[in-house]
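Here's the structure we're looking at; comments come further down.
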Amino acid sequence: MHLESLRIFRDLIETGSFSRAAELNYLTQSAVSQQLQQLERSVGRPLLERGGRRLKLTPAGRAFYGAAKRIVSSYEEVTARIHSESPEAARRLRIAAIYSVGTYVLQGYLKGFLKRHPDVKVEVEYQKASRICGDLLRGRADLCLMAYPVKRRDLQVIPIHDEELVLILPRSHALAGRGSMALADLAGQDFIAFDRGTPTRKALDKVLRRAGVRPRVRMELDNIETIKNAVSTGMGVAIVPAATVAAEAKAGSLCVRRFSGQKLSRPLGCLVRKIRRGDRTVKAFLKHLSAGQAGAS
């Protein structure tokens with residue numbers, strides 16, 4: 001029985017989902033199922049009740065989950081403390097971020113932060129939203145930045161700001177001549193969407209459903225740059241964060257329109273493990289972030 005098996009079991013119970021546990025641990029769902037079966041063979045008792053749609057622990061499973069959680073948490077706390085006390089850690093900041101936030105939002109904050117802390121080495125890794133928390137919980141990152149930050153007992157959320165969402169169209173589009181747009185204008189339009197599983201896509205789907213609007217989703221893409229390219233070549237329209245198309249709006253290469261009557265936005269936040277928030281470098285960056293010092297010098 002290995003620590004990773006205990007961690008996978010903890011994640012499975014806390015997320016209530018084989019797919020989410022698989023994403024957090026960079027595994028397939030079948031691999032998570034195999035880990036569960038191996039644990040059950042090791043303890044000689046079933047840990048989950050079979051047959052239901054929702055995960056339900058057996059009495060043995062409840063006892064095992066409590067023990068697994070304590071073991072994994074203790075290990076993570078010790079390794080985090082050792083890491084924070086090393087000289088290298090005092091001069092390094094590892095950040096995991098979704099691409100759009102890391103590229104178009106984070107850079108402004110880093111500019112001011114590094115002017116104040118020139119000895120700090122910053123490492124930024126771009127990740128899918130579904131995997132960011134996994135990097136943080138496994139100690140692969142000191143903090144992470146994402147849209148629609150998740151809430152967990154062992155994570156602290158530091159709000160950054162709400163980021164406006166805008167409509168982008170090719171310059172030749174029939175609606176490009178309008179000064180502003182309404183959600184109703186998207187009905188029947190060819191639409192370039194974010195991947196179905198991303199938090200931004202889920203939120204936009206809810207907004208459009210409430211407005212009674214059903215655009216024709218022609219493409220689902222996982223990268224803001226490919227979405228912009230698809231729109232610029234005339235394949236459809238898209239709703240994207242305003243910061244990601246500021247340069248295109250200025251150059252006139254894309255038609256960028258705000259929504260009238262309803263401001264669309266998405267919340268951006270920074271996540272940090274509660275056992276790491278006392279680290280000097282992490283603490284300094286969180287203070288800089290909370291002060292809203294993007295680009296400050």
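Just so it is clear, none of the values below were taken in a lab; they were calculated from the coordinates. These numbers come from a predicted model, not from an experiment. Here the Cβ is made from the backbone with ideal geometry for all residues, glycine too, and neighbour counts use every protein chain on show.
Quick look at the values:
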quantity	calculated
Spread of Cα-to-Cα distances over 10 Å intervals beginning at zero, given as percent, for the range 1-146	11, 33, 28, 18, 8, 2
Percent RCO, i.e. relative contact order, over the range 163-265, from Cα pairs under 8 Å lying at least 6 residues apart	50
Difference of contour (0.36 nm per residue) and Cα-Cα distance, K274 to V207	20.9 nm
Phi to ³J(HN,Hα) by Karplus 6.51 cos²θ - 1.76 cosθ + 1.60 over the range 132-146, Hz, x for Gly, Pro	4, 4, x, 4, 5, 5, 8, x, 7, 9, 7, 7, 9, 10, 7
In Å, descending, principal axis extents of the Cα set of the range 163-265	33, 28, 25
Cut-off 17 Å (backbone N to label point 7 Å along Cα→Cβ of T226), residues of the range 94-114	98-101
Theoretical FRET efficiency, 1/(1+(r/R0)^6), r = Cβ-Cβ of S265 and A174, R0 25 Å, to 0.05	0.40
Estimated FRET transfer efficiency (K115, S73; beta-carbon r; R0 25 Å; 0.05)	0.10
Which of N229, G261, T198, positive extreme of dipole for the range 163-265 (C-beta unit charges)	G261
Volume per residue that the Cα convex hull of the chain spans, once the total is divided by residue count, Å³	148
Nearest-20 debye value, the range 163-265 charge dipole, Cβ charges on Lys, Arg, Asp, Glu	360
Amide H within-cut-off set for F191, under 5 Å, with H built and near neighbours excluded	R216, V217, R218, M219, V237
Nearest-ten-degree value, helix 199-210 long axis tilted from longest Cα axis of the chain	60
Burial ordering of F285, F64, fewest other beta-carbon atoms within 10 Å first	F64, F285
Interchain or long-range residues, amide H under 5 Å from E163's placed H	R266, L268
Label point distance in nm, T28-E123, each placed 7 Å from Cα along Cα→Cβ	2.9
Length-normalised contact order of the chain in % [C-alpha pairs under 8 Å, at least 6 apart]	23
DSSP beta bridges in the chain [antiparallel fraction, %, rounded to 5]	55
Cα-projected label distance for K56 with V43, points at 7 Å along beta-carbon direction, nm	1.7
HN-Hα J in Hz across the range 156-162 - Karplus 6.51, -1.76, 1.60, θ = phi - 60°, x for Gly and Pro	9, 9, 10, x, 9, 5, 8
Neighbour-count ranking [beta-carbon atoms within 10 angstrom, fewest first] of D135, D119	D119, D135
Residue-span extension gain [A284 to A249] - 0.36 nm each, minus C-alpha spacing	9.2 nm
Nearest-20 debye value, the range 233-279 charge dipole, Cβ charges on Lys, Arg, Asp, Glu	320
Reach of K151 by Cα under 23 Å, taken over lysines that are not fewer than 8 positions away in the same chain	K56, K69, K128, K202, K206, K274, K283, K287
Order of D190, D154 - criterion: other Cβ atoms within 10 Å of each residue's Cβ, fewest first	D154, D190
